[in-house]
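S.K.: My questions will all concern the structure given below.
We did not get these values from a lab; they are worked out from the coordinates using the rules stated. Source: prediction; values computed, not measured. All Cβ positions, even for glycine, are placed from backbone atoms using ideal geometry, and neighbour counts span all protein chains on display.
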């Protein structure tokens, strides 16, 4: 079965990055450490784009991602940052060159 990949593009309210980023990094670290189905969780800051954060996540399958959305650390992060987010764009992918390793 192919791995499940997701990107999340956050457009934050002006000035929210300073408060948002540590919470995002903590969520990413906990996802990698506590969720067996989370294989990769990168937090990216686009150059020359203030108040934007891009996530690149790989899960063993879509069910593992569904479990991520129920995890206590994710729910806490989501609640704590909801007011900081102006817009959020989520895209789902299938990893085509997945060799299963």
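S.K.: How far is the Cα center of segment 40-58 from the Cα center of segment 71-95, in Å?
M.R.: Here the answer is 12 Å between Cα centres.
S.K.: Roughly how tilted is helix 17-34, in degrees to the nearest 10 and between 0 and 90, from the longest Cα axis of the chain?
M.R.: Roughly 20 degrees between the two axes.
S.K.: So for the chain, considering every pair of alpha-carbon atoms, how many percent are separated by more than 25 Å?
M.R.: Result for the distance tail: 18 percent.
S.K.: Highest mean first, how do 85-97, 57-69, 34-46 rank when packing is the count of other Cβ atoms within 10 Å averaged over residues?
M.R.: Values: 85-97: 10.7, 57-69: 16.5, 34-46: 14.8.
Going from most to least packed, we get 57-69, 34-46, 85-97.
S.K.: Between residue 86 and residue 45, what is the label-to-label distance in nm when each label sits 7 Å out along the Cα-to-Cβ direction?
M.R.: My value for the distance between the label points is 1.7 nm.
S.K.: Length gain on complete extension for the stretch residue 94 to residue 26, per 0.36 nm per residue less the alpha carbon to alpha carbon distance?
M.R.: Contour length minus Cα-Cα distance gives 21.9 nm.
S.K.: Return the calculated 222 nm mean residue ellipticity for the chain, to the nearest 500 deg cm²/dmol, obtained by summing -39500 (n - 2.57) across DSSP H runs with n ≥ 4 and dividing by the residue count. Show your work: numbers first, answer last.
M.R.: Values: 3 runs with 35 residues, N = 101.
Mean residue ellipticity, 222 nm, calculated: -10500 deg cm²/dmol.
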